[in-house]
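Every number here is computed from the coordinates shown, using simple stated rules; none is lab data. All values derive from a computational prediction rather than experimental measurement. Here Cβ is always computed from backbone atoms with ideal geometry, including for glycine, and neighbour counts include all displayed protein chains.
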């Protein structure tokens with residue numbers, strides 16, 4: 001039940017962050033997206049935090065969804081705890097790598 005709630009809350013966060021991303025990256029001038037535009041946007045701490053929260057939401061949503069799919073198989077029932085810890089470790093490592101990459105952007 002907790003995984004189900006995590007999946008739903010992360011979906012709400014994804015909806016918000018994806019909307020913000022689409023509006024400011026694709027509908028606010030300049031309409032031509034280049035690396036310079038992305039670099040300028042990611043050089044501000046506000047956008048770095050927004051993108052890191054977006055990354056966190058994506059990873060949590062993916063982890064919860066994949067865990068639910070894997071544990072639906074009866075053959076994986078005995079490995080449920082190991083699969084949960086493996087997915088948590090993978091998400092933590094991916095989050096650290098992604099957050100460091102986002103935070104490294106400077107002008």
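So the values come out like this:
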item: Residue order, fewest to most beta carbons within 10 Å, for 1, 22, 63; result: 1, 22, 63
item: For the chain, calculated [θ]222 nm from helices alone, where every DSSP H run of n ≥ 4 adds -39500 (n - 2.57); result: -25500 deg cm²/dmol
item: Range of Cα positions in the chain per principal axis (Å), largest first; result: 52, 24, 19
item: Relative exposure of 77, 16, 56, 35, judged by other C-beta atoms within 10 Å (fewest first); result: 35, 77, 16, 56
item: Proxy reagent accessibility, fewest Cβ within 10 Å first, across 75, 10; result: 75, 10
item: Separation of the residue 74 and residue 95 label points, Cα + 7 Å toward Cβ, nm; result: 3.5 nm
